[in-house]
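None of the figures in this text is laboratory data; all of them are computed from the coordinates on show. Small disclaimer: the values here were computed from a predicted structure and weren't measured. In this analysis, Cβ positions are derived from the backbone assuming ideal geometry, glycine residues included, and neighbour counts consider all displayed protein chains.
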Amino acid sequence: MMKKTVCIIFSLLFVCSLCSCGSEKTQPASAGSGAEYQTVPLSDGSDVDLDLTALSSTMIYSEVYNIMSTPGDYIGKTIKMNGVFATDDNENYYFCIIKDATACCQQGIEFILNGAQYPDGYPSLGSDITVLGTFEQYYEGDQPYYHLIDATLC
């Protein structure tokens, strides 16, 4: 008897939840041609599509992971982010590294400063930075990569 009552209650809850659904079909942002972001004017007069500096450390790490997982959704978007400056071993690539809330894991986005040549115009290794740039794709051979171009340090 108890099992039958529980089954009926769950069935009613399920039917009630279906009644609250709308008739419009929606498509997730990652399945479409691009994520939808509203451009927000910054205090310095520039515009940004995705301001990672306004998110908690957990959300920042999650959003950067999402950017790396579905980069096509972010191409052409202006992104602002905080992190630590790093380069590769040959000092050919420059990154803004973001650690997660527990500081055990990290994600990074490559960037190219507008009009600067390394090391002049770039911060010292390991320093905290805020970068603003446009997310774009480039290729090395047949392999696609992604970075922020025309970046500026804020």
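Taking a virtual spin label 7 Å from the Cα of I97 along the C-beta vector, which residues in the range 109-129 bring their backbone nitrogen under 12 Å of it?
Answer for this model: 109, 125-128.
Is the range 90-154 best put as rounded, prolate or oblate by its Cα gyration tensor, with a ≥ b ≥ c the root eigenvalues, rounded for a/c under 1.5, and otherwise prolate when a/b is larger than b/c, oblate when not?
Oblate, since a/c reaches 1.5 and b/c is not below a/b.
So how do L113, L52 line up by other beta-carbon neighbours within 10 Å, fewest first?
The order, fewest Cβ neighbours first, is L113, L52.
Subtracting the Cα-Cα distance from 0.36 nm times the residue separation, let me have the gained length for S124 to T70 in nm, one decimal.
In short, 16.4 nm is gained.
Can you pull the Rg over Rh of the range 41-154, Cα-only, Kirkwood?
Looking at the range 41-154, the ratio lands at 0.94.
For a label point 7 angstrom out from the Cα of Y138 toward its Cβ, which stretches of the range 85-114 have the backbone nitrogen within less than 19 Å?
85-97, 108-114
If you rank Y138, Y61 by fewest surrounding Cβ atoms within 10 Å, what's the result?
Fewest to most other Cβ atoms nearby, the residues stand as Y138, Y61.
At a 10 Å Cβ-Cβ cut-off, how would you order V131, V84, fewest neighbours first?
V84, V131
Take each of the peptides 139-149, 62-72, average the number of other beta-carbon atoms within 10 Å over its residues, and list them starting from the highest.
In descending order of packing, they fall as 62-72, 139-149.
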